[in-house]
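Reading through the structure tokens given below for one structure.
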Amino acid sequence: MTNFPKPLVMKRDVCMGSSHPLGATLEEKGVNFSLFSRSASSVELLFFDRSDDSKPSRTVTLDPGTHRTYHYWHAFVPGVKAGQLYGYRVDGPSDPSRGIRFDADKVLLDPYGRAIVTPPGYDRLTAAEKGDNTAAAMKNVVTVPAAYDWEGDAPLRQPSAQTIIYEMHVRGFTRHPSSGVAEDQRGTYAGLIEKIPYLQDLGITAVELLPVFQFDAQDCPSGRTNYWGYAPISFFAPHAAYSSRQDPLGPLDEFRDMVKALHRVGIEVILDVVYNHTAEGNETGPTLCFRGIENEAYYILEADRSRYANYSGTGNTLNANHPIVRRLILDSLRYWVSEMHVDGFRFDLASILARDTQGHVLPSPPVLWDIESDPILAGTKLIAEAWDAAGLYQVGGFIGDSWREWNGRFRDDARDFFRSASGSLRRFADRMIGSPEIYGHEEREPEQSVNFVTCHDGFTLNDLVSYNDKHNEANGEENRDGANDNRSWNCGWEGPTDDPAIENLRNRQVKNFLTVTLLSLGVPMILMGDEMRHTQGGNNNAYCQDNETSWLDWTRQQRHAGIHRFLKLLIARRLQRGTEHERRRMSLNQIIRQANKSWHGIRLNQPDWSDPSHSIALTVELLREQIVMHLMLNAYWEPLEFELPSPEHCGATAWRRWIDTGLEPPLDIVPWTEAPVATKYKYRLEARSVAVLFGPIKPG
């Protein structure tokens with residue numbers, strides 16, 4: 001445990017301080033502390049020498065006559081240096097029936113704290129029970145502002161039209177021994193740095209990191225670990241357990257090292273942020289921070305003020321449109337852009353941010369417009385998971401002009417089409433061309449839609465084609481947790497198999513999903529490990545599985561080298577796509593109207609939109625790339641023969657076969673410049689397969 005020098009902090013040395021800025025601000029002669037609490041009757045600022053101290057090494061009692069301005073408690077403490085551990089005790093009325101929950105026994109975190117240490121004996125339960133929890137409480141760390149040498153680094157601002165998102169987990173990416181990362185760096189920001197060459201070689205342009213804000217790993221069923229991190233207890237501090245450095249300030253610099261290293265090779269950093277709830281849970285949960293500082297401000301409460309509204313499905317809901325919480329969210333976002341250089345944010349359950357202090361849906365939510373219009377955030381990628389756990393679904397209707405949206409309907413309709421579900425063809429055809437049915441009314445660019453088939457929440461791509469049912473028994477909830485509607489198909493056998501026919505079919509299905517994700521209009525997102533058929537054994541809710549269920553097994557890269565190669569070549573071509581339409585802010589509707597496209601069935605110009613129908617073909621002229629492309633999709637259980645349009649009639653010199661997922665590697669996809677000529681007038685496409693032909697446009 002690290003010991004810290006004891007600065008000379010005596011009551012007579014403490015000055016009035018300032019209400020601004022919030023948090024702990026290091027200055028030349030000491031630190032200014034400021035905390036918002038409207039209803040508190042007293043506040044104590046606590047200093048510690050060790051994270052597991054059972055009592056403070058010194059206490060500064062804030063006099064409300066001197067150290068309070070309006071609703072802000074503040075003090076300047078001379079002699080305090082970077083690295084000092086601190087926390088608060090806040091006292092006031094305790095009346096849950098009125099929504100007031102002060103508890104002077106609890107050590108509380110600073111909502112604006114930039115770094116956090118967790119004692120070895122941290123115990124979530126002690127913060128939920130009566131009595132003192134000092135030794136088992138997390139503490140904040142005073143940090144050094146703007147001390148890091150960025151060496152000229154800045155957010156990249158890459159065009160969305162050339163963005164390939166790789167959703168990943170910092171710990172899970174390198175924690176497995178097969179990662180090749182040094183043991184003391186596995187599962188850390190430093191470990192991720194070691195694997196950047198892999199991401200660069202694959203062609204990834206942006207990593208979307210599952211939550212890296214400090215979270216409570218004990219917020220989960222007993223005996224398990226909150227692995228995903230959707231249990232935040234700070235909106236400023238990077239999660240310390242993801243750092244290989246043991247010093248309290250180490251996680252900040254190691255996180256920045258990671259961002260800088262990714263930027264050097266042109267990879268953006270997008271954070272999955274959770275501004276919809278905290279780890280404090282419902283009325284039986286622990287008092288860690290916000291609840292003990294100003295419960296009524298930070299949370300949406302039910303009519304029975306002793307209970308928390310639960311639009312997040314996790315016990316509580318942040319009161320995002322309360323002025324104090326709005327400021328907190330904006331200050332947090334600005335901090336991560338300005339001080340940590342991140343490039344964007346994916347907002348978990350973003351529709352919650354549209355709710356008012358009573359939980360009603362606002363037509364013009366202040367916090368969303370604050371984010372949308374903030375000049376510091378201009379150019380930052382903003383991605384909304386446009387739904388919440390209470391049934392509010394806003395895909396295609398999320399507020400603002402700059403937000404992208406996770407297109408959950410792309411996921412569902414792609415899954416339905418390739419498992420031959422009734423009624424899926426027409427919907428999926430719309431998804432491939434940017435989902436104008438969903439987004440066309442907004443006159444926005446096609447990159448408004450973030451297209452994905454799999455993400456952290458649900459089956460991996462391997463499991464999507466290997467399991468009909470979820471297998472979450474290891475989560476300890478008797479398989480009741482996790483989604484039941486997975487729209488998966490096991491290809492004839494539940495789980496792993498040595499049957500080569502089933503394995504070949506699964507490989508085809510994986511490549512089918514990757515093809516449509518990368519070629520459809522919108523921003524493609526790939527789940528970590530799908531390129532090597534990572535499996536979770538059928539667990540579709542592995543949030544509490546910090547073990548080999550979730551960790552990426554790198555030996556699978558060699559076992560499934562064909563899938564890895566397939567995605568790599570897909571990405572390489574995708575990155576050649578032009579960005580002029582984004583610069584000119586051309587809408588999806590404009591692009592569709594200008595495109596010379598034709599829908600076909602197995603016969604030219606005769607698409608079969610009836611139900612059931614399991615095949616479709618599309619010819620489209622891509623003027624900016626000077627090619628004509630012809631796609632054929634067969635989700636039928638038997639081979640089909642498609643008529644081919646004449647390349648001359650389409651303005652092309654000849655058809656060349658780039659992709660055919662029905663062929664064995666390396667013929668399933670070839671380098672663009674090596675594509676063989678397809679001379680026949682018909683094309684036989686195997687069952688459950690996708691083929692892509694292209695032809696260079698004739699000069700003149």
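The values are calculated or read from the model by the stated rules, or taken from the named source; none is laboratory data. Only a predicted model underlies this, so the values are computations on that prediction, with no experimental measurement involved. Reconstructed Cβ throughout: ideal geometry from the backbone, glycine too, with neighbour counts over all protein chains shown.
A few remarks follow.
- Selection of helices (runs of 4 or more DSSP H) fully inside the range 136-240 by the criterion of at least 3 residues being farther than 17 Å from W551 by Cβ returns 196-202.
- Helices (runs of 4 or more DSSP H) contained entirely in the range 399-511, each with at least 3 residues that are at pLDDT 95 or above and hydrophobic (A, V, I, L, M, F, W, C): 408-418, 425-432
- Flag for W599 being over 30 Å from P177 (Cα atoms), among the aromatic types (F, W, Y) and surrounded by 13 or more Cβ atoms within 10 Å (Cβ to Cβ): yes
- Within the range 304-316, one or more residues are more than 24 Å from T25 (Cα to Cα) and of a type in the set (V, I, T).
- Subset of the range 670-700 (residues that are crowded, with 20+ Cβ neighbours inside 10 Å and part of a loop (DSSP other than H, G, I, E, B)): R688
- R444 among the basic types (K, R), touching a residue at least 12 places away in the same chain (Cβ under 8 Å), over 28 Å from I563 (Cα atoms) and in contact with a helix residue (DSSP H, G or I) (Cβ under 8 Å, 6 or more places away or on another chain): yes
- Single condition S234 does not satisfy, out of (1) crowded, with 23+ Cβ neighbours inside 10 Å; (2) more than 21 Å from the chain's Cα centre (by Cα): (2)
- Residue check, P671 farther than 20 Å from V516 by Cα and not β-branched (V, I, T): no
- Considering the conditions (1) modelled with pLDDT under 95; (2) out of contact with any strand residue (DSSP E or B) (no Cβ under 9 Å at 6 or more places or on another chain), W551 is excluded by exactly one of them, (1).
- Every residue from the range 647-663 that is out of contact with any Phe, Trp or Tyr (no Cβ under 7 Å at 6 or more places or on another chain) and either surrounded by 12 or more Cβ atoms within 10 Å (Cβ to Cβ) or in a strand (DSSP E or B) (or both): C650, G651, A652, T653, A654, W655, R657, I659, D660, T661, G662, L663
- Beta carbons closer than 9 Å, at least 6 apart along the sequence or on distinct chains, pair a first residue in the range 23-41 that is closer than 16 Å to A147 by Cα with a second that is part of a loop (DSSP other than H, G, I, E, B) and aromatic (F, W, Y) for A24/Y112.
- Residue ID - nearest to T619 (Cα to Cα), chosen from residues in the range 406-451 that are surrounded by 24 or more Cβ atoms within 10 Å (Cβ to Cβ) and aliphatic (A, V, I, L, M): L425
- When the range 68-106 is filtered for residues that are in a strand (DSSP E or B) and among the basic types (K, R), the ones remaining, listed by number, are R68, R89, R101.
- Any chance P612 is in contact with a Gly (Cβ under 6 Å, 6 or more places away or on another chain) and either surrounded by 12 or more Cβ atoms within 10 Å (Cβ to Cβ) or more than 22 Å from G203 (Cα to Cα) (or both): no
- The condition (being within 24 Å of V117 (Cβ to Cβ), among the aliphatic types (A, V, I, L, M), surrounded by 15 or more Cβ atoms within 10 Å (Cβ to Cβ) and over 19 Å from the mean Cα position of the chain (by Cα)) is satisfied by just one residue among A217, A190, A147: A190.
- All positions within the range 324-363 that are crowded, with 19+ Cβ neighbours inside 10 Å and among the basic types (K, R): R326, R346, R355
- Pick from the range 333-381, criterion free of Cβ contacts under 8 Å to residues at least 24 places away in the same chain and in a loop (DSSP other than H, G, I, E, B), ranking: nearest to A320 (Cα to Cα): H360
- Residue in the range 499-519 that is more than 30 Å from A617 (Cα to Cα), touching a Lys or Arg at 6+ places or on another chain (Cβ under 8 Å) and either surrounded by fewer than 23 Cβ atoms within 10 Å (Cβ to Cβ) or free of Cβ contacts under 8 Å to residues at least 60 places away in the same chain (or both) present: no
- The listed residue being in a loop (DSSP other than H, G, I, E, B) and over 27 Å from Q545 (Cα atoms), out of D257, D253, D304: D304
- Complete set of residues in the range 120-133 that are in a loop (DSSP other than H, G, I, E, B) and either more than 25 Å from Y335 (Cβ to Cβ) or in contact with a strand residue (DSSP E or B) (Cβ under 8 Å, 6 or more places away or on another chain) (or both): P120, G121, D123, A128, E129, K130, G131, D132, N133
- Conditions (1) at pLDDT below 95; (2) among the acidic types (D, E); (3) surrounded by fewer than 16 Cβ atoms within 10 Å (Cβ to Cβ): number failed by E621: (3)
- Residue in the range 33-42 that is of a type in the set (S, T, N, Q), under 21 Å from I116 (Cα atoms) and not in a strand (DSSP E or B) present: yes
- Checking E638 against (1) in a loop (DSSP other than H, G, I, E, B); (2) surrounded by 13 or more Cβ atoms within 10 Å (Cβ to Cβ), the condition it does not meet: (2)
- Which numbered condition Q394 fails, given (1) touching a Gly at 6+ places or on another chain (Cβ under 8 Å); (2) surrounded by fewer than 19 Cβ atoms within 10 Å (Cβ to Cβ); (3) not hydrophobic (A, V, I, L, M, F, W, C): (1)
- Residue list for the range 314-332, filter: on the phi < 0 side of the Ramachandran plot and in a loop (DSSP other than H, G, I, E, B): T314, N316, T317, N319, A320, N321, H322
- Here G408, G391, G400, G396 are screened, and the one residue that is in contact (Cβ under 8 Å) with a residue 40 or more places away in the chain and in the same structural domain as N316 (by TED's automatic domain parsing) is G396.
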